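Peer 1: Dumping the structure here so I can ask a few things about it.
The values are calculated or read from the model by the stated rules, or taken from the named source; none is laboratory data. Just so we're clear, the structure is a prediction, and the values are computed from it rather than from any experiment. Ideal geometry is used to build each Cβ from the backbone, glycine not excepted, and the neighbour counts take in all protein chains shown. All accessible areas refer to the heavy atoms of the entire protein, side chains included, with ligands and DNA or RNA removed. Shrake-Rupley method; radii C 1.70, N 1.55, O 1.52, S 1.80 Å.
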Amino acid sequence: QVQLVESGGGWVQAGGSLSLSCAASRRTLRTYGMGWFRQTPGKEREFVAAIAWSNGLTYYADSVKGRFTISRDNAKNTVYLQMNRLKREDTAVYYCATGRYGSGWYADKRMYDYWGQGTQVTVSS
């Protein structure tokens, strides 16, 4: 029912920057916010950042705090992830998703209903 399309992934050298975007076809009544997760082979998909549509409150994983910035454009149903000072450990497939409200919703994969196909981010050196 909801399609999410990520874009902006690619290859970048360590210390560089990339900007990801995620456009949603629509927002549902249960959509409270959107989040970014990432996954590497053999590892569980992990929380990166999230933002609430209503008030714009943001949440970040400690590993990216201070380097990544999540933002949204309500009119376009689009969220962005500006990634600066990238490190090799940031290499992963990045997914955006729509989240429902609940305690700790932003970091709980079970609170997300729709997921994009993912976009590969590769950081060299």
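Peer 1: Would you confirm whether or not region 50-67 contains a residue that is in contact (Cβ under 8 Å) with a residue 60 or more places away in the chain and in contact with a Lys or Arg (Cβ under 9 Å, 6 or more places away or on another chain)? Give the derivation first.
Peer 2: Quick first cut of region 50-67, residues in contact (Cβ under 8 Å) with a residue 60 or more places away in the chain only: none.
Looking through region 50-67, none of the residues is in contact (Cβ under 8 Å) with a residue 60 or more places away in the chain and in contact with a Lys or Arg (Cβ under 9 Å, 6 or more places away or on another chain).
Peer 1: Can you give me the number of residues within region 95-114 that are touching a residue at least 12 places away in the same chain (Cβ under 8 Å) and touching a helix residue (DSSP H, G or I) at 6+ places or on another chain (Cβ under 9 Å)?
Peer 2: Qualifying residue count for the region: 7.
Peer 1: Another question, if that's okay. Is there any pair linking a residue in region 9-37 that is farther than 13 Å from residue 79 by Cβ and free of Cβ contacts under 8 Å to residues at least 60 places away in the same chain to one that is part of a strand (DSSP E or B) and open to solvent by less than 30 Å² (accessible area, probe 1.4 Å), with Cβ under 8 Å and at least six apart or on different chains, and which?
Peer 2: 25/4
Peer 1: Looking at (1) touching a strand residue (DSSP E or B) at 6+ places or on another chain (Cβ under 9 Å); (2) in a loop (DSSP other than H, G, I, E, B), find the lone condition where residue 103 falls short.
Peer 2: Unmet for residue 103, out of (1) touching a strand residue (DSSP E or B) at 6+ places or on another chain (Cβ under 9 Å); (2) in a loop (DSSP other than H, G, I, E, B): (1).
Peer 1: Which members of region 67-110 meet the condition of being of a type in the set (A, V, I, L, M) and under 14 Å from the mean Cα position of the chain (by Cα)? Can you show your working first?
Peer 2: Residues of region 67-110 of a type in the set (A, V, I, L, M): 70, 75, 79, 81, 83, 86, 92-93, 97, 107.
Passing the criteria: 70, 79, 81, 83, 92, 93, 97, 107.
Peer 1: Out of region 90-125, which residues are closer than 18 Å to residue 69 by Cβ and surrounded by fewer than 18 Cβ atoms within 10 Å (Cβ to Cβ)?
Peer 2: 107 - this is the single residue of region 90-125 that is closer than 18 Å to residue 69 by Cβ and surrounded by fewer than 18 Cβ atoms within 10 Å (Cβ to Cβ).
Peer 1: Here's a follow-up. Please go through (1) out of contact with any helix residue (DSSP H, G or I) (no Cβ under 8 Å at 6 or more places or on another chain); (2) open to solvent by 60 Å² or more (accessible area, probe 1.4 Å) for residue 56 and return the number of the only condition it doesn't satisfy.
Peer 2: Only one criterion is unmet by residue 56, namely (2).
Peer 1: Answer yes or no as to whether residue 40 is loosely packed, with under 15 Cβ neighbours inside 10 Å, of a type in the set (Val, Ile, Thr), more than 11 Å from the chain's Cα centre (by Cα) and within 18 Å of residue 1 (Cβ to Cβ).
Peer 2: Values: loosely packed, with under 15 Cβ neighbours inside 10 Å: yes; of a type in the set (Val, Ile, Thr): yes; more than 11 Å from the chain's Cα centre (by Cα): yes; within 18 Å of residue 1 (Cβ to Cβ): no.
Here the answer is no, as residue 40 does not meet what is asked.
Peer 1: Also, quick follow-up: Restricting to region 68-98, what's the tally of residues that are of a type outside the set (A, V, I, L, M) and within 17 Å of residue 39 (Cβ to Cβ)? Working first, answer last.
Peer 2: Going through region 68-98, the residues of a type outside the set (A, V, I, L, M) turn out to be 68-69, 71-74, 76-78, 80, 82, 84-85, 87-91, 94-96, 98.
Imposing the further condition that a residue be within 17 Å of residue 39 (Cβ to Cβ) reduces the set to 68, 87-91, 94-96.
Of the residues in that region, 9 qualify.
Peer 1: Taking residue 20 and the conditions (1) open to solvent by 30 Å² or more (accessible area, probe 1.4 Å); (2) closer than 16 Å to residue 96 by Cα, which numbered condition does it fall short on, given that it satisfies the others?
Peer 2: (1)
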